[in-house]
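Taking it in order: structure first as structure tokens, then the write-up.
Where a number appears in this text, it was derived from the coordinates with a stated rule and is not lab data. No experiment lies behind these values; they were computed from the predicted model shown. When we count neighbours, we look across all protein chains shown, and the Cβ atoms used for this are built from the backbone with ideal geometry, even at glycine.
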Amino acid sequence: MIGIIGGSGIYSLGNMERETMETPYGEIELYRGRSGGKDILFIPRHGEEHGTPPHKVDYKANIWAMKEEGVDALVVFYAAGSIGDYKPGELVLLEDFIGFYSPITYYDEFKEKIMHADMSEPYSKKARKIVECAAKKAGIELRSGGVVATTHGPRFETRAEIKALGGMGANLVNMTSAYEATLAGELGIPLCGIAVATNYAAGVKGKESLGHGEVLEKMHEANKKIKKIVEGIEGC
């Protein structure tokens, strides 16, 4: 079974059955179905109508549910601002993240054991190869080398923040990725992250202002590609 988490503009993957699931971290809604011959478990990160802002997403419940349902891998899609050379509309495979400002963990106490999760490879090479295979079959180009910085949100970043993050090595920025990669790593779930570069970040290539409308526009444009990648996972 493949777990899919969709970000801004990705609220549905077609005809799937909605379920409510109780977790130790709260109740969530998820969607179950099949795509390309594979069982799919789908969670729209922000809800069906984008009612949940990034700092209020129940990340722990979402990732826990995927683990409890026995997913073999997680394929997670993000909207992201481009700090580097990625053009709006391009799909980028993530290889690393910067998440200093986004602390989250299942281990708020060390009573049972001490846990410092290894983040040397936060995005699984094995899971990434499956997605690369599916994209190739669908004729969809995926850029490589994504290093995404995660900020709190829901506000966009300042020009000074983007300049600092770029100097630290980030070439993408969003508000959710580090949370999910950290939790999946703690639970041992192979994770492949794909960012849709929706816009240039503040101050990049003369970008003077940002709006959520342009983010949604690019995510809607990418939706068909995303669905083709999901459908193509079978056999990869």
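Summing charges over all other residues whose Cβ lies under 15 Å from the Cβ of ASP96, with Lys and Arg as +1 and Asp and Glu as -1, gives -1. Estimated from the Cβ-Cβ distance and a Förster radius of 45 angstrom, the FRET efficiency linking THR105 and THR158 is about 0.95. Working from Cα pairs under 8 Å separated by at least six residues, relative contact order for the chain is 29 percent. Simple point charges give the picture: +1 on the Cβ of Lys and Arg, -1 on the Cβ of Asp and Glu, and for the range 92-225 a dipole about the Cα centre of about 540 debye.
Modelled spin labels at GLU48 and SER12, positioned 7 Å past Cα toward Cβ, are 0.9 nm from each other.
Sorting the segments 166-173, 118-125, 13-20 by their mean number of nearby beta carbons within 10 angstrom, highest to lowest, gives 166-173, 118-125, 13-20.
Computed extension gain for GLU95 through LYS136, at 0.36 nm per residue and net of the alpha carbon distance, reaches 12.9 nm. With kT/(6 pi eta Rh) evaluated at 20 °C and eta = 1.002 mPa s, and Rh the Kirkwood radius from Cα pairs, the chain diffuses with a coefficient of 120 µm²/s according to Stokes-Einstein. Counted over the range 2-231, the DSSP beta bridges are approximately 40% antiparallel. Shown here is the pair-distance distribution of the range 86-168: with all Cα-Cα distances grouped in 10 Å bins from zero up to the longest one, the shares run 13, 34, 32, 18, 3 percent. In the chain, taking the dipole from charged Cβ atoms about the Cα centre, the farthest positive-side position among TYR59, PHE42, LEU210 is held by LEU210. Do any of LYS56/LYS205; LYS136/LYS207; LYS56/LYS136; LYS60/LYS163; LYS125/LYS225 go past 26 Å between their Cα atoms, and which? Flagged as over cut-off: LYS56/LYS205; LYS136/LYS207; LYS56/LYS136; LYS60/LYS163. Can you give the FRET efficiency to the nearest 0.05 for HIS212 and ASP72, using r as the Cβ-Cβ distance and R₀ = 35 Å? Step by step, r from the Cβ atoms, then E = 0.55.
Full extension of the chain segment joining HIS116 with HIS55 gains 19.7 nm, where the gain is 0.36 nm per residue of separation less the Cα-Cα distance.
Each peptide in 203-209, 149-155, 179-185 was scored by the mean count of other Cβ atoms within 10 Å over its residues; highest first, the order is 179-185, 149-155, 203-209. Assuming charge only on the beta carbon of Lys and Arg (+1) and of Asp and Glu (-1), the dipole of the chain about its Cα centre is about 780 debye to the nearest 20.
The listed peptides 42-55, 127-140, ordered by packing as a protection proxy, come out as 127-140, 42-55 (highest mean of other Cβ atoms within 10 Å first).
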